[in-house]
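Only one structure is covered here, and it is reproduced in the block below.
The values are calculated or read from the model by the stated rules, or taken from the named source; none is laboratory data. As the structure is a prediction and not an experimental result, all values here were calculated from the model. Quick reminder, even Gly has a Cβ in these numbers, built from the backbone with ideal geometry, and neighbours come from all protein chains shown. Only protein heavy atoms, including side chains, enter the accessible area calculation; ligands, DNA and RNA are left aside. Shrake-Rupley method; radii C 1.70, N 1.55, O 1.52, S 1.80 Å.
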Amino acid sequence: MALFVAGLSHKNAPVELREQLALEEDKLRELLRDVAATGAAREAVVLSTCNRVEVYAVAEAPGEARAAMFRHLCRHRGVDPAAVEAALYTHLEGDAVRHAFRVTASLDSMMIGEPQILGQVKDAFALAQSCETVGPALHTMFTQAFAVAKKVRTETEIARHAVSVSFAAVELAKKIFGGLAGKAILLVGAGKMSELAARHLVEQGAFPIYVANRTWARAQDLARALAGTPVPFDALDAALAGADIVITSTAASEPVVALDRARGAMHGRGARPLFFIDIAVPRNVEASVNTLDNVYCYDIDDLRQVVDANIRERLREAQRAEALVEREVARYLARLGDVEVIPTIVSLRERLEEIRAGEVRRTLARLGGASPETREAIEALSAAIVNKILHAPITKLRESSRAGSSRSWLDLVHELFALGRK
Amino acid sequence: MHAILMNLAILAYVVATGLAFAYLVERQEWIHRLARVATGAGWALQTTALVALGHALGRPPLGSLPEAVSVAVWVLVLLEMWLERRSGLKVLGAFVLPIVLVFSLKSAAAHQQLPEIVPTLSGAWLWVHIGLALIGIAAFALNFAGALMYLLQERQLKARRPGALYYRLPDLETLDRLTYRTLALGFPFLTTGLVLGVLWAGAAWGSVFAFDPLALLSAVAWVIYAGTLAGRAAGWHGRRAAYFAVIGFAALVLTLGAGLFLPGRHG
């Protein structure tokens, strides 16, 4: 009986092949039921996302089970099995556990730390449960994988730093203002990206929103969509003075916010910083505005640079996450190994306890009028001897299972102590 | 006895500083926990050292400048631990502990000989004068650390190219609030301490500043902090306030340096 994972992912298979193999839920059900019916595998979970198609399974003959399941998949989708076979990777036992942990913790994702994969694995697991193809082995493994994924998320920063321009802008705003509650947003010009950034800011508590546009009707429309207030374009100076975060995205060929205008907006605003998010090309805010004290001005290229830096930071964090996963895999396998030898340890203890109890009973019967102290001493003595004798073999069994060589030791112990069949 | 304890305390501070820097780079939770334990251990050792010293001297260990600096360090570490716990500002140690280290090494170097107390130095007011000024100095050390963090983070944000510190340091608002609060905390202590010093000096020596470099320089530091506080009230903030916090602390360090190296009544 062996645990394995076989599949293909964005790492080694082109998107054409992945999209051909990706399955909808009812097809997945069919595949899982087929596995259960034919007995190709004892347990199976199938994970199918746009970046990977993977089969986690427990089978007597992993090679055959893998071949059977992918044959089934290929037949379904009319894909050439040879093409799939060439792109398949397979991991066995400990390596399969490591792979499951890494995938679930988003360390194997195209964008490291992306949050969707955990939900996708959970869905795949739930689906297999509903098809009754999850047994003890996969159940323990995936439950642990979910726990490890959570740990990776909280103890490292792989999911922390924004990898999209609009979220990067929100994070920058937080680094400047601390909390965003009650910070006024001014949108100058309309556009999908500025609207998205504004929505993200609002989610963080930013309020109120003002919308300025050369076309009054568009200002009104966007203001309505964002629950904001339209302001006339000629009143821009007043609006700037009241704003904390300004998102500019007009198609103007000349800067809308020149240095003087920005300086005017800073006049008499006290300690409040002003943050320009300029996503227009050509830029709407003059570059020199950034030199003003307490003014921060990011254009679209700056935001992209921040995103690049965030990704590099995530990759650095990923190394820490990998080490964490490695430790968790080792711990998991050790525990699994213990599970393997525990029945033997239990029957060994029972066997010796049986002998001890029997001998003590016989001795005490012969002694007749022994005092309670004597009886107690005999009990304690015999128990101590048994424990001393058991200590070495039990330690040896635990160690051997961790080293992956428990099989021969288990047999030996059963033989030596006549423990009967396992 | 107190010398051994003090050396052990300094050793703990060295370890804590190293760990605090390691935490800044590595961001591992356990490193921060160790740094906190080392800081706490150093502080506990320093407490016992100061008690032992006070016991040996038969008076508060504030009679000479090295002693007083050591007590200032003690207050600073206490404030740092409290603030870090309260605000969750885990990188604070990396900015405060180096200051702790420099000052405790400096005071320990001068600690070897126990100075005889000058006969004119006596009376409860003297201890209050020194004690209050020391609390002020400790608060201003934190003020300096906060300002330094502010300036570093502001530089990162202005440069628009985030480096490692961008991720490690908290937001500008938090840092600005930290510098403001430490200023507001330190100033009344320093002021009262100085006023008492002036009054007491007038009574003891009949003259106030009479060629004592420490008294003159501390007056300069006081003027800088008073100016910053007035500026804050007038709407100063951020970078300018942070620069003044740095200059003010430089004046304080110079004051203490003058006290340690130049001849004067503060010995």
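Before moving on, here are some points about what is shown:
- Conditions (1) under 19 Å from the mean Cα position of the chain (by Cα); (2) open to solvent by 30 Å² or more (accessible area, probe 1.4 Å); number of the one not met by B:L50: (2)
- Among the residues listed as B:R239, B:R232, B:R181, B:R168, the single one being charged (D, E, K, R) and under 16 Å from the mean Cα position of the chain (by Cα): B:R181
- Number of residues in region A:289-304 that are crowded, with 19+ Cβ neighbours inside 10 Å, of a type in the set (A, V, I, L, M, F, W, C) and within 36 Å of the chain's Cα centre (by Cα): the value is 2.
- Pairs, first at pLDDT below 90 in region A:325-336, second among the basic types (K, R), C-beta under 7 Å, six or more apart: A:A334/A:R402
- Every residue from region A:11-38 that is open to solvent by less than 50 Å² (accessible area, probe 1.4 Å) and in a loop (DSSP other than H, G, I, E, B): A:A13, A:A22, A:L23
- Of all residues making up region A:305-326, the number that are among the hydrophobic types (A, V, I, L, M, F, W, C), facing chain B (nearest Cβ under 8 Å) and surrounded by fewer than 20 Cβ atoms within 10 Å (Cβ to Cβ): 1
- Residue match in region B:32-39 (condition: within 24 Å of B:G136 (Cβ to Cβ) and either open to solvent by less than 20 Å² (accessible area, probe 1.4 Å) or not in a loop (DSSP other than H, G, I, E, B) (or both)): yes
- Residues located in region B:212-231, provided they are more than 20 Å from B:K106 (Cα to Cα) and open to solvent by 30 Å² or more (accessible area, probe 1.4 Å): B:L216, B:A219, B:V220, B:W222, B:V223, B:I224, B:G227, B:L229, B:A230
- All helices (runs of 4 or more DSSP H) inside region A:86-177 with 2 or more residues being of a type in the set (F, W, Y): A:136-155, A:165-177
- Per-region count, region A:265-288, residues open to solvent by less than 70 Å² (accessible area, probe 1.4 Å), farther than 19 Å from A:K183 by Cα and out of contact with any Leu (no Cβ under 6 Å at 6 or more places or on another chain): 6
- Sole residue being surrounded by 15 or more Cβ atoms within 10 Å (Cβ to Cβ) and either of a type in the set (D, E) or within 24 Å of A:H10 (Cα to Cα) (or both), chosen from A:A137, A:A124: A:A124
- Residue that is farthest from the chain's Cα centre (by Cα) [pool: residues in region B:1-11 that are surrounded by fewer than 20 Cβ atoms within 10 Å (Cβ to Cβ) and either assigned by TED's automatic domain parsing to the domain that holds B:R168 or among the hydrophobic types (A, V, I, L, M, F, W, C) (or both)]: B:M1
- Any hit, region A:100-117, residues being among the small types (G, A, S) and farther than 27 Å from A:I158 by Cα: no
- Evaluating B:G163 against the criteria (1) within 30 Å of A:E157 (Cβ to Cβ); (2) open to solvent by 50 Å² or more (accessible area, probe 1.4 Å) leaves one unmet condition, (2).
- Test result for A:L390, touching a helix residue (DSSP H, G or I) at 6+ places or on another chain (Cβ under 7 Å) and touching a residue at least 60 places away in the same chain (Cβ under 8 Å): no
- Residue within region B:88-96 that is on the phi > 0 side of the Ramachandran plot, modelled with pLDDT under 90 and outside any helix (DSSP H, G or I) present: yes
- There is at least one residue in region A:68-90 that is open to solvent by 40 Å² or more (accessible area, probe 1.4 Å), at pLDDT 90 or above and within 23 Å of the chain's Cα centre (by Cα).
- Any hit, region A:190-203, residues being within 13 Å of chain B (Cβ to nearest Cβ) and either part of a loop (DSSP other than H, G, I, E, B) or surrounded by fewer than 22 Cβ atoms within 10 Å (Cβ to Cβ) (or both): no
- The numbered conditions (1) within 14 Å of chain A (Cβ to nearest Cβ); (2) crowded, with 22+ Cβ neighbours inside 10 Å; (3) farther than 25 Å from A:V289 by Cβ are all true for B:N143 except (1).
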